[in-house]
Amino acid sequence: MDGRSKVTGEVRYAVDAALPGMRHAKLLRSPHPHARILRVDARRALALPGVVCVVTGEDAARMPDPRHGFSVRDQPVIAIDKVRYVGDPVAAVVAADEMTALAALELIDVDYQLLPPVPTMEEALAPGAPLLFDEPHPGPPLGVGAGSWSRNEPAPNVLYEYGYTRGDVAADLAGAAHVSTDSFAVSRIGHYYLEPYSGVARVEAGRVELWSCNQDPFMIRADIARMFGLPVNDICIHSPMIGGGFGGKSYCKHEPLIVLMAMKARAPVRLALTLDESLLTLTKHAGILTLTTGVDAAGRLVARRSDLRLDGGAYADASAMVALKAGYRITGPYRWKSVLTRASIVRTTTVPAGSYRGFGGTQASYASECQIDMIARRIGIDLLEFRRRNLLELGEPFAPGDSGMDSDLRRGLDEVCRRIGYHGRREGGRSAGAGRGMGLAVGIKDGGGTGNHAQAIVTVSQAGDVTVSAGTTEIGQGAATTLCRIATQALGLPLANARYAPIDTDRTPLNNGTHVSCGTTVTGTAVQRAAEDARAQILGFAAGHLQCGPEDLVLDGWAVRRGGETFPLGPMIASWFGGVGHVFIGRGAMKVPFDERSPVRARNLFWMPSWAGAEVEVDLATGRLRVLQLVVGADAGHAIDPASCVGQIAGAALQAFGLAMFEELRYRGGAVPENADPRAYRVPMAADLPDRFDCFVEEHGLGPGPFGAKGLGESGMLAVAAAIANAIEDATGARVTRIPFTPERVLDALDRLDADTMPERRSAAE
């Protein structure tokens, strides 16, 4: 529905908001990874013509509650006492234009007392390590259910810890026929959305109005109300089209600061970050994942002990939830007798980490699926058969107390094998200076969110025009089209009759936000129920007019049928109401219920499995990796809009391809970002893409959403990196355990092999 406006440039984004008297803001960022702020002197900046005001930590300290964070509230609106990473905002200049604001930044004098940085998890956890925070932050940890535990700040520089236990792992590992322990590393990466973070705020007569590119407008409204001590009804968040989010625009970011600047400036204020500033706002978690897995003599998985350490950076953001989800998903889509998981978030003096497409599932699936492949090779079982033997059956619970598997995992895996030519492949290995091989992987994550809630309103006019009002933000996933299609299908009206109403929190029904692929299932169900409510009203009206029961009528386009007779609704409504006619207003809601019997406090609404197959070629002399084929599939339940489903899978798969092959935010000397710049940060280009790229949609019709649908916005991310890593080992015999798979890391893995087993590489190098 919005494709034409996107490609023609007609779409308006948050950065396009223009208000009378609007001023422009720029941020002064810390050049130090860790320092105490002794003094911020803005007098020279304030003397510059065109400068309206300067906001510092002193302004933030006067707020009722100047900090935000999804679970642990530790991030100040702007640095108050300390800076904790290179890029931490120290001051904000509001001026008549951006150039003046930029010039003023150079005139602000800041005195710092330098403190020792802790740029790595190892340094942060070392005895006597400098503390990022002197005091813990009060507040309850995330709620969990049976078998799980959750703790905020359990140790110095540890933000959060999640654990899950079932069965006796120690005993089962001791009794296993084969036990493997392996560690895997994932690097910090940026979200790299094309629309940098931006927002415009206006504060007049005590009322706050904010235009934001945030995925969670109602959460932002609640945060601003709390932080400024304002009634929720005095705050309105407008959410226009968003130019990509991938989780990076979830939860609170710079919105409270924009509001604070507008209050102090007494004028509307616009803050628009650059792409490099976005890379210094939020990243995906780096981490080390160590798995110990036991297998019995029949090649069946028995027990897994997992230790996940994720680098949360300087502030909490959504790290606690990421750790919980990664820890719970680390077992993958397999059957286990016992499980013991510990996942922790470590604070470091680096860019904060938070939600990223897949929400911990990408890290977990990569580590788990790599080890599954490695174990099969060690014990001499066919890689495909090992997976098929251990995959959860349709309807089998993921864990005690959780929902059953709603997808045929073997069917999807078989389809990947068919499409990539796995059964007709030649055996992987090296020849003529190159290695060629194939790899498979299965990923899974829970979808729909824990306790998520959505409301919707569907209105139908006298002419049969449909307006859908719901709080799922459009971030490029095609939500507007899908939700309108759900409404019109329920009403039996053409999609062309529908429009998706602009989102603002004064008028739009409540929504928990756009994440965990809940738009189709949670919001979609609310929309379907609202459309069905409107449909019942229409039939009830027509029945009263025709003096029959609603059950006697069938809605057929913008008319009703009774037997062989058809009655157009437009004239019927006009004759009864006259004048401006009538609007039928349907309402619906969806709430994911809590359930303490489930390990994560709610039975999962639906499962998002995905399957990937990769064929690679590795240059043994240089380590250069080329992906020849990449096949990715995901289960949509029912594809309401097939083109959108394929687009979601393809977009996620190529994003995962980027993090597997290229993407990595690097630090110089461990403390200073060296490539937080769109010119230096490596993302896939067209020339980098696989020679053959194939995506497919599985439809099992078992989703909880409208017409059996499930969400799949994240699914395509999950299995890609592991499939490529497994293909590298198939091609070379070498296992790369850290993503991205750079030539240097491939060569390092090759070098770790016994030289006597590598004559092909030595010959190629010579």
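Bear in mind these aren't lab numbers, they're just calculated from the coordinates by the rules spelled out. Because the structure is a prediction, the values reported are computed rather than measured. Note that each Cβ is placed from the backbone with ideal geometry, even for glycine, and that neighbours are counted across all protein chains shown.
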Counting pairs of alpha carbon atoms under 8 Å apart in space and at least six apart in sequence, what relative contact order in percent does region 453-591 give?
-> 36
Two-decimal log10 I(q)/I(0) for region 419-461, as the Debye equation yields it once each C-alpha is a single scatterer, q = 0.14, 0.18, 0.24 Å⁻¹ = -0.63, -0.77, -0.97
Once you list every other residue whose beta carbon is under 10 Å from the beta carbon of Arg329, what net charge do they have if Lys and Arg are +1 and Asp and Glu are -1?
-> +1
Can you sort Tyr112, Tyr500 so the residue with the fewest Cβ neighbours within 10 Å comes first?
-> Tyr112, Tyr500
Under 27 Å from the Cα of Lys26, which lysines turn up, not counting those fewer than eight places away in the same chain?
-> Lys82, Lys249, Lys253, Lys264, Lys284
Under 11 Å, Cβ to Cβ, from Ile486 - net charge with Lys/Arg +1 and Asp/Glu -1 = 0
Starting from the Cα of Phe577, step 7 Å along the direction of its Cβ; do the same at Arg418; then give the gap between the two resulting points in nm.
-> 5.0
With +1 on each Lys and Arg Cβ and -1 on each Asp and Glu Cβ, how big is the dipole of region 508-581 about its Cα centre, in debye rounded to the nearest 20?
-> 120
With the Cα gyration tensor of region 183-250 giving a ≥ b ≥ c as the square roots of its eigenvalues, does the rule (a/c under 1.5 for rounded; else a/b larger than b/c for prolate; else oblate) give rounded, prolate or oblate?
-> prolate
Sort 3-13, 211-221 for me by packing, meaning the mean count of neighbouring Cβ atoms within 10 Å per residue, highest on top.
-> 211-221, 3-13
Averaging sequence separations of C-alpha pairs under 8 Å and six or more residues apart, then dividing by the length of region 608-766, give the relative contact order as a whole percent.
-> 36
Square roots of five times the Cα gyration tensor eigenvalues for region 253-361, Å = 41, 12, 11
Gyration tensor (alpha-carbon) shape descriptor, the chain, a/c threshold 1.5 = oblate
May I ask for the distance between the Cα centers of region 466-540 and region 644-707, given as a whole number of Å?
-> 28
The chain - percent relative contact order, Cα under 8 Å, separation 6 or more = 15
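Ranked highest first by the average count of other Cβ atoms within 10 Å around their residues, in what order do 354-364, 164-174 fall? Please list the in-between numbers first.
Details: 354-364: 29.4, 164-174: 17.0.
The most tightly packed comes first, giving 354-364, 164-174.
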Label point distance in nm, Ala174-Glu10, each placed 7 Å from Cα along Cα→Cβ = 7.1
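Can you give the % of DSSP beta bridges in region 277-373 that are antiparallel, to the nearest 5?
50
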Point-to-point label distance, Arg388-Thr165, nm (Cα→Cβ direction, 7 Å offset) = 3.8
Once you sort the root eigenvalues of the Cα gyration tensor of region 1-97 as a ≥ b ≥ c, which label holds: rounded (a/c under 1.5), prolate (a/b larger than b/c) or oblate (the other case)?
-> oblate
Global size of region 399-474 as Cα Rg and Dmax, reported in angstrom | 23.3, 73
Roughly how big is region 391-514's charge dipole about its Cα centre, with Cβ charges of +1 (Lys, Arg) and -1 (Asp, Glu), in debye to the nearest 20?
-> 740
Would you list which lysines come within 16 Å of Lys445, measuring only between C-alpha atoms, while excluding same-chain residues fewer than 8 positions from it?
-> Lys325, Lys710
How big is D for region 589-738, in µm² s⁻¹ as a whole number, if Stokes-Einstein is applied with the Kirkwood radius of its Cα pairs at 20 °C and 1.002 mPa s?
-> 122
DSSP-defined beta bridges in region 453-591 - what % are antiparallel, rounded to 5 = 85
Could you point to the residue in Val83, Ala671, Ile640 farthest towards the positive end of the chain's charge dipole, with +1 and -1 charges on the Cβ of Lys/Arg and Asp/Glu respectively?
-> Val83
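Taking the number of other C-beta atoms within 10 Å as the exposure measure, put Ile224, Ile739, Ile585 in order starting with the fewest.
With the sparsest Cβ surroundings first, the list reads Ile585, Ile224, Ile739.
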Would you be so kind as to identify which of Gly513, Gly478, Leu569 lies farthest towards the positive end of the dipole of region 453-591, taking Lys and Arg as +1 and Asp and Glu as -1 on Cβ and the Cα centre as origin?
-> Gly513
Report Rg(Cα)/(2.2 N^0.38 Å) for region 453-591, keeping two decimals.
-> 1.08
Hey, can you rank 428-438, 414-424 by average C-beta count inside 10 Å, highest first?
-> 428-438, 414-424
Translational D (Stokes-Einstein, µm²/s) of region 63-135 at 25 °C and 0.890 mPa s when Rh comes from the Kirkwood sum over C-alpha pairs?
-> 164
Charge dipole magnitude, Cβ of K and R +1, D and E -1 - the chain, Cα centre, debye nearest 20 = 340
